[in-house]
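Here's the structure, in structure tokens; my notes come after.
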Amino acid sequence: MNTFNAPKGIPEYFPPESAGFLAVRDTLADAARRAGYGYIELPLFEDTALFARGVGESTDVVTKEMYTFADRGGRSVTLRPEGTAGVMRSVIEHGLDRSQLPVKLYYGGAFFRYERPQAGRYRQLQQVGVEAIGVDDPALDAEVIAIADEGYRRLGLSGHRIELTSLGDATCRPAYRAKLQEFLRGLPLDDETRRRVELNPLRVLDDKRPEVRELVADAPLMVDHLSTAAQEHYEQVKEHLADLGVAFTENPRMVRGLDYYTKTTFEFVHDGLGAQSGIGGGGRYDGLMAELGGQELSGIGFGLGVDRTLLACQVEGLAVGDQARCDVYCVPLGEAAKRRLVATAGALRAAGVRVDLSYGGKGLKGAMKAADRSGARFALVLGERDLEAGTAQLKELASGEQRAVGLDELVDRVVEAVR
Ligand code: HAM
């Protein structure tokens, strides 16, 4: 009979490596929680128009990568390609912005982009993200960047760097865009790139082809044409980052794949990952809320790629996550011993100890092999003779040290040993 394969381009995580995935996700989320962000759980799919309007009609994400389909009621829905638009929709819909500002939210989970799969680029990707809405304060921008940095550092990562720039605001960006277009229209570019000049000229600055890079080397840059307010904002973000001890480099040619960014924009890059080096990114999006029908409120946030961060940890040789499935592995030898240890395992779990048991009547040798594989620190062995003597054998697997423990105090002694 035919078997099935997972859809193309989707990473799956199973034990023991899945422990690393969980550790990355939880460590990054924990960094957000520690800065006062509250959890928001969002739909995996939304009205297609939300992403078209929110993410931008000219982006690759919207034009080429969305999983869009009609549901059985004939509505066009799309699997979420990113989190920010959905958070905005929810904040507006539920009036979360009518209480104290900023609204600080974090989220995590799967996002979907129909990209060409390769190492570190998947069609189902996992992010942890934050959004801080309603206060346009450079200190908040610095906080958002510092939280991500702190999360990566807690995992032990050291090979990442932060790239920072400002994409300007509504007063300076349109004039800059026109200036850039004027410059680009004077260059001998191919038809496809010319089309991009009209649609999304900033993208041309990010072209990877050496001949195009050479042509645009003298192109005007946004950072040299910032309004006074945007310039001041940018300077203050940099000051706050310096105060926080967060190192960054400026990349005035940074181009993000989503259209909503304004002012502070940043990426976390890990050079050990090859082409897919962006382990996280984000920025301000001051016009997005109004664009989606809400109040004129500012916002800033990030999305950190859990899959790529895990890859970065592996590249740096970091052992993240506890791969052990349990602390104690019970080895009953015989039916009477099994009845006793099944009950003991239950009591130990209730006391907070992670416990597994050798099922299926395995012999001592096979059961001890299973104990080793489980990653447990201790094996708790109970044979017929032990049972008669009223004791069990508690064996530390790494040292091989073994001692007898009275059955009447078994739970307490094992809890002590594990702690
Ligand atoms: P993004 O840069 O599109 O931003 O994605 C954030 C991160 O998700 C990337 O840096 C990368 O690590 C990971 N990622 C994206 N696409 C893939 C993929 N195909 N495979 C594996 N990992 C991927 C956003 O999504 C914005 N919503 C972030 C944000 C929040 N900006 C403001 N607030």
- [ ] State in Å² the accessible area per residue of the chain; use a 1.4 Å probe, count heavy atoms of protein chains only, and round to the nearest integer.
- [x] 49 Å²
TODO: Please work out whether the range 187-245 counts as rounded, prolate or oblate from its C-alpha gyration tensor, where a ≥ b ≥ c are the square roots of the eigenvalues and a/c under 1.5 means rounded, while otherwise a/b larger than b/c means prolate and anything else oblate?
DONE: prolate
TODO: Classify the range 251-330 as rounded, prolate or oblate, taking a ≥ b ≥ c as the square roots of the eigenvalues of its Cα gyration tensor: rounded when a/c is under 1.5, otherwise prolate if a/b is larger than b/c and oblate if not.
DONE: oblate
Open item on the list: Contact order normalised by length for the chain, with contacts defined as Cα pairs under 8 Å and 6 or more residues apart; what percent is it?
Closed with: 17 percent
Open item on the list: Just to be sure I understand: with springs between alpha-carbon atoms less than 10 Å apart, which residue in 169, 356, 141 has the highest mean-square fluctuation in the Gaussian network model of the chain?
Closed with: 356
Task: Fraction of accessible area attributable to carbon and sulfur, the chain (%, probe 1.4 Å) - done: 50 percent
Open item on the list: If I fit a long axis through the Cα atoms of helix 335-350 and take the longest principal axis of the Cα atoms of the chain, what angle between them do I get, 0 to 90°, rounded to 10?
Closed with: 40 degrees
- [ ] Quick one: among 44, 387, 125, which has the greatest mean-square fluctuation in a GNM of the chain with alpha-carbon springs under 10 angstrom?
- [x] 387
Task: Alpha-carbon radius of gyration plus Dmax, which is the widest Cα pair, for the chain in Å - done: 27.3, 94
- [ ] Any of 179/238; 8/208; 365/395; 208/263; 104/238 with alpha carbons more than 19 Å apart? Name them for me.
- [x] 179/238; 8/208; 208/263; 104/238
- [ ] Express in whole angstrom the spacing between the alpha-carbon centres of the range 1-76 and the range 175-250.
- [x] 29 Å
- [ ] Would you grab the residues whose amide H sits under 5 Å from the one on residue 279? Only those 5+ places off in sequence or on another chain, please, with H modelled 1.01 Å from N.
- [x] 268, 269, 270
- [ ] Just need the relative contact order of the range 268-409 here, percent rounded to a whole number, with Cα pairs under 8 Å and 6+ apart.
- [x] 18 percent
Task: 369, 338, ranked by accessible area, largest first (probe 1.4 Å) - done: 369, 338
Task: Residue range of the chain that is longest and free of chymotrypsin sites (Phe, Trp or Tyr not before Pro) which are both DSSP loop and sparsely packed (at most 12 other C-beta within 10 Å) - done: 5-358
Open item on the list: Under the rule a/c < 1.5 gives rounded, and otherwise a/b versus b/c splits prolate from oblate, where does the range 328-418 land using the Cα gyration tensor?
Closed with: rounded
Open item on the list: Based on DSSP loop calls and a cut-off of at most 15 other Cβ atoms within 10 Å, the longest stretch of the chain free of exposed GluC sites (Glu not before Pro) is what?
Closed with: 58-295
Open item on the list: Can you give me the angle between helix 84-93 and the longest principal axis of the chain, using Cα atoms only, in degrees from 0 to 90, rounded to the nearest 10?
Closed with: 90 degrees
TODO: About the Cα centre of the range 328-418, how large is the charge dipole given +1 on each Lys and Arg Cβ and -1 on each Asp and Glu Cβ? Please answer in debye to the nearest 20.
DONE: 400 debye
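The values are calculated or read from the model by the stated rules, or taken from the named source; none is laboratory data. These numbers were taken from a predicted model, which means no experiment stands behind them. Backbone-built Cβ (ideal geometry, glycine too); neighbour counts: all protein chains shown. Quick note on the areas: whole protein, heavy atoms, side chains included, nothing else; ligands and nucleic acids left out. Shrake-Rupley method; radii C 1.70, N 1.55, O 1.52, S 1.80 Å.
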